[in-house]
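A.B. asks: Once you've had a glance at the structure underneath, I'll fire off some questions.
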Amino acid sequence: MIRFRDRSEAGQRLAEALEAEYSGRADVVVLGLPRGGIVVAAEISCRLGVPLDMVAVRKLGAPMQPELAIGAVSEGGKVLLDRDLIERLRVPEEYVEGEVKRQRRTLEERLRLYRGGREPVPVDGMVCILVDDGLATGSTAAAAAASLRERNPGKIVFAVPVASDQGCLRLRGMVDEIVCPQVVQDMGAVGYYYERFDPVEDEEVIELLSG
């Protein structure tokens, strides 16, 4: 098992795997998922010498288990739901609708805060390296990939330090390439694969994105 010291080291490991093919190219952009994915993405962006931006996504948490994703909502309003999990947990439709509204509001607030009035980096025809700090159910990454696909990228590469096999399976039809040094079964919490997995504050995200 690989256990990363922190998100920065995880980003450096991923950068090593991506460097040979993508370093210094004018058609490459790195896009992190806030908040933890931005820290990983910043290391990759720096190492490859390519622009950094984000794809904003909010997880839809299950009742009484907010860390368990029953779906996700992304910028632009796209919603992806894990209908199998929703049915298995017997989540009421009223709860799902309310959670979508709550997370959409939060997403809009975070977009204003993180971008600070800046326009998104253009991705039309670009190689987009989409980055998160871990992939469990795949709901959040799938929503990000679906949102990004609507912006007409040339290629989507999903890069993540650790992922569940089910999460990777879910993403395979949505991205063009997956780069992951550690794919596991029965993954559990992403934080288990890090020695330090402190919460990432908004201020750090803003600083990294402002360059």
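The values are calculated or read from the model by the stated rules, or taken from the named source; none is laboratory data. Everything numeric here is computed off the predicted structure, so don't read it as measured data. Don't worry about glycine lacking a Cβ; one is built from the backbone with ideal geometry, like all the others, and counts go over all protein chains shown. Ligands, DNA and RNA are excluded from the accessible area calculation, which covers all protein heavy atoms including side chains. Shrake-Rupley method; radii C 1.70, N 1.55, O 1.52, S 1.80 Å.
A.B. asks: Before we move on, is THR140 modelled with pLDDT under 90, polar (S, T, N, Q) and in contact with a Lys or Arg (Cβ under 7 Å, 6 or more places away or on another chain)?
C.D. replies: Numbers: modelled with pLDDT under 90: yes; polar (S, T, N, Q): yes; in contact with a Lys or Arg (Cβ under 7 Å, 6 or more places away or on another chain): yes.
Judged against the criteria, THR140 is a match.
A.B. asks: Quick check on the range 20-74: of everything there that is of a type in the set (D, E, K, R) and within 20 Å of GLY125 (Cβ to Cβ), which residue is surrounded by the most Cβ atoms within 10 Å (Cβ to Cβ)? Spell out the reasoning first.
C.D. replies: From the range 20-74, those of a type in the set (D, E, K, R) are 21, 25, 27, 35, 43, 47, 53, 58-59, 67; that's our starting set.
Imposing the further condition that a residue be within 20 Å of GLY125 (Cβ to Cβ) reduces the set to 21, 25, 27, 53.
Working: GLU21: 13, ARG25: 13, ASP27: 12, ASP53: 21.
The residue in question is ASP53.
A.B. asks: Same structure, new question: Tell me whether the range 126-148 contains one or more residues that are within 28 Å of PRO181 (Cα to Cα) and open to solvent by 40 Å² or more (accessible area, probe 1.4 Å).
C.D. replies: The first filter runs over the range 126-148 and keeps only residues within 28 Å of PRO181 (Cα to Cα), leaving 126-148.
Keeping just the survivors that are open to solvent by 40 Å² or more (accessible area, probe 1.4 Å) gives 136-137.
Looking through the range 126-148, at least one residue is within 28 Å of PRO181 (Cα to Cα) and open to solvent by 40 Å² or more (accessible area, probe 1.4 Å).
A.B. asks: For ASP124, indicate whether it is under 17 Å from ILE38 (Cα atoms) and modelled with pLDDT of 95 or more.
C.D. replies: The answer is no for ASP124.
A.B. asks: Sticking with this structure for a sec: How about the range 189-206: which of its residues are open to solvent by 50 Å² or more (accessible area, probe 1.4 Å) and part of a helix (DSSP H, G or I)?
C.D. replies: Just the residues of the range 189-206 that are open to solvent by 50 Å² or more (accessible area, probe 1.4 Å), to begin with: 189, 192, 195-199, 201, 203-204, 206.
The answer is TYR192, GLU203, GLU204, ILE206.
A.B. asks: Let me ask you something else. Determine whether the range 89-96 contains at least one residue that is under 16 Å from GLY36 (Cβ atoms) and either in contact with a Ser or Thr (Cβ under 9 Å, 6 or more places away or on another chain) or open to solvent by 40 Å² or more (accessible area, probe 1.4 Å) (or both). Break it down stepwise before answering.
C.D. replies: Let us first name the residues in the range 89-96 that are under 16 Å from GLY36 (Cβ atoms), namely none.
No: the range 89-96 contains no residue that is under 16 Å from GLY36 (Cβ atoms) and either in contact with a Ser or Thr (Cβ under 9 Å, 6 or more places away or on another chain) or open to solvent by 40 Å² or more (accessible area, probe 1.4 Å) (or both).
A.B. asks: Of all residues in the range 57-106, which are among the β-branched types (Val, Ile, Thr) and either in contact with an Asp or Glu (Cβ under 6 Å, 6 or more places away or on another chain) or free of Cβ contacts under 8 Å to residues at least 24 places away in the same chain (or both)? Walk me through how you get there before you give the answer.
C.D. replies: Restricting attention to the range 57-106, the residues satisfying the condition of being among the β-branched types (Val, Ile, Thr) are 57, 70, 73, 79, 86, 91, 96, 100, 106.
Within the range 57-106, ILE70, ILE86 qualify.
A.B. asks: Would you check if there is a residue in the range 111-120 being closer than 20 Å to LEU85 by Cβ, out of contact with any Gly (no Cβ under 6 Å at 6 or more places or on another chain) and open to solvent by 20 Å² or more (accessible area, probe 1.4 Å)? Walk me through how you get there before you give the answer.
C.D. replies: Pass one, the range 111-120, residues closer than 20 Å to LEU85 by Cβ: none.
Among the residues of the range 111-120, not one is closer than 20 Å to LEU85 by Cβ, out of contact with any Gly (no Cβ under 6 Å at 6 or more places or on another chain) and open to solvent by 20 Å² or more (accessible area, probe 1.4 Å), which makes the answer no.
A.B. asks: Tell me yes or no: at least one residue of the range 192-199 is touching a residue at least 60 places away in the same chain (Cβ under 8 Å), hydrophobic (A, V, I, L, M, F, W, C) and more than 22 Å from VAL29 (Cα to Cα).
C.D. replies: Yes, the range 192-199 contains a residue that is touching a residue at least 60 places away in the same chain (Cβ under 8 Å), hydrophobic (A, V, I, L, M, F, W, C) and more than 22 Å from VAL29 (Cα to Cα).
Here's the yes/no breakdown for (1) part of a helix (DSSP H, G or I); (2) of a type in the set (Val, Ile, Thr); (3) touching a Phe, Trp or Tyr at 6+ places or on another chain (Cβ under 8 Å); (4) modelled with pLDDT under 95:
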site	(1), (2), (3), (4)
ARG13	yes, no, yes, no
ALA17	yes, no, no, no
ARG25	no, no, no, no
PRO34	no, no, yes, yes
ALA42	yes, no, no, no
VAL50	no, yes, yes, no
ASP53	no, no, no, no
ARG58	no, no, no, yes
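A.B. asks: Shifting gears a bit: Being of a type in the set (A, V, I, L, M, F, W, C), over 21 Å from GLN166 (Cα atoms) and without any contact (Cβ under 8 Å) to a residue 12 or more places away in the chain is the requirement here; does MET126 meet it? Break it down stepwise before answering.
C.D. replies: Numbers: of a type in the set (A, V, I, L, M, F, W, C): yes; over 21 Å from GLN166 (Cα atoms): yes; without any contact (Cβ under 8 Å) to a residue 12 or more places away in the chain: no.
Taking the combined requirement at face value, the residue does not satisfy it.
A.B. asks: Further question: Can you name the residue in the range 149-170 that is over 20 Å from ALA20 (Cβ atoms) and among the basic types (Lys, Arg) and, of all such residues, is surrounded by the most Cβ atoms within 10 Å (Cβ to Cβ)? Break it down stepwise before answering.
C.D. replies: Within the range 149-170, the first condition is being over 20 Å from ALA20 (Cβ atoms), and the residues that meet it are 149-153, 162-170.
Checking which are among the basic types (Lys, Arg) leaves us with 149, 151, 170.
On the way: ARG149: 15, ARG151: 14, ARG170: 19.
Within the range 149-170, the match that is surrounded by the most Cβ atoms within 10 Å (Cβ to Cβ) is ARG170.
A.B. asks: To continue, here is another question. Return the pairs, sorted by first residue and then second, in which the second residue is small (Gly, Ala, Ser), the first residue lies in the range 171-188 and is open to solvent by 30 Å² or more (accessible area, probe 1.4 Å), the beta carbons are less than 6 Å apart, and the residues are 6+ apart or on different chains.
C.D. replies: MET174/ALA142; MET174/ALA145; CYS180/ALA163; VAL183/ALA163
A.B. asks: Go through the residues of the range 6-19 one by one and say whether even a single one is open to solvent by less than 70 Å² (accessible area, probe 1.4 Å), farther than 30 Å from GLU195 by Cβ and not aliphatic (A, V, I, L, M).
C.D. replies: Scanning the range 6-19, I find no residue that is open to solvent by less than 70 Å² (accessible area, probe 1.4 Å), farther than 30 Å from GLU195 by Cβ and not aliphatic (A, V, I, L, M), so the answer is no.
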